[in-house]
1. Would you point out the residue of the stretch 33-51, among those that are at pLDDT 75 or above and more than 18 Å from ILE75 (Cα to Cα), that is surrounded by the fewest Cβ atoms within 10 Å (Cβ to Cβ)?
2. Could you tell me which numbered condition LEU81 fails, if it satisfies all but one of (1) modelled with pLDDT of 80 or more; (2) of a type outside the set (Asp, Glu); (3) surrounded by 13 or more Cβ atoms within 10 Å (Cβ to Cβ)?
3. Quick check: is even one residue across the stretch 61-70 surrounded by 11 or more Cβ atoms within 10 Å (Cβ to Cβ) and modelled with pLDDT under 80?
4. Which ones in the stretch 6-62 are part of a strand (DSSP E or B), in contact with a helix residue (DSSP H, G or I) (Cβ under 8 Å, 6 or more places away or on another chain) and of a type in the set (Ser, Thr, Tyr)?
Amino acid sequence: MVCDARMFYCVRCGREISKEMNYCPYCGAPQRGFKRSEYEVSSDDLIKRIKELIHKGNVTRIIVRSEKDETLLEIPVTVGLIGALLAPWVAALGVIAALVTRCKIIVEERE
């Protein structure tokens, strides 16, 4: 698992932006109050890592991207996302894990 603290992304459009920006130059969304981090994981650790991030508590959205930077899945994480609501996402993650060897997890958190 690798976290690259130099990479920041817009909370709305997902494009890479500078850490110092208050607004996204592409879509105009305000950037304060949110933090985005990127992790690289193998497909074997994908589901385990997603579950850890959801249980962390302050995560608002999780984006899973392929090695080619294609968005494979976006999970809107809300306070009530547990149990039966989590099951379809885990099934989709299982399919993604079977298709790719490595992927990126982009985590959007409230500061």
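1. That would be ASP44.
2. LEU81 satisfies every listed condition except (1).
3. No, the stretch 61-70 contains no residue that is surrounded by 11 or more Cβ atoms within 10 Å (Cβ to Cβ) and modelled with pLDDT under 80.
4. If the condition is that a residue be part of a strand (DSSP E or B), in contact with a helix residue (DSSP H, G or I) (Cβ under 8 Å, 6 or more places away or on another chain) and of a type in the set (Ser, Thr, Tyr), then TYR39 is the only one that fits.
The values are calculated or read from the model by the stated rules, or taken from the named source; none is laboratory data. If you're wondering where the values come from, they're calculated on a predicted model, not measured in any experiment. In this analysis, Cβ positions are derived from the backbone assuming ideal geometry, glycine residues included, and neighbour counts consider all displayed protein chains.
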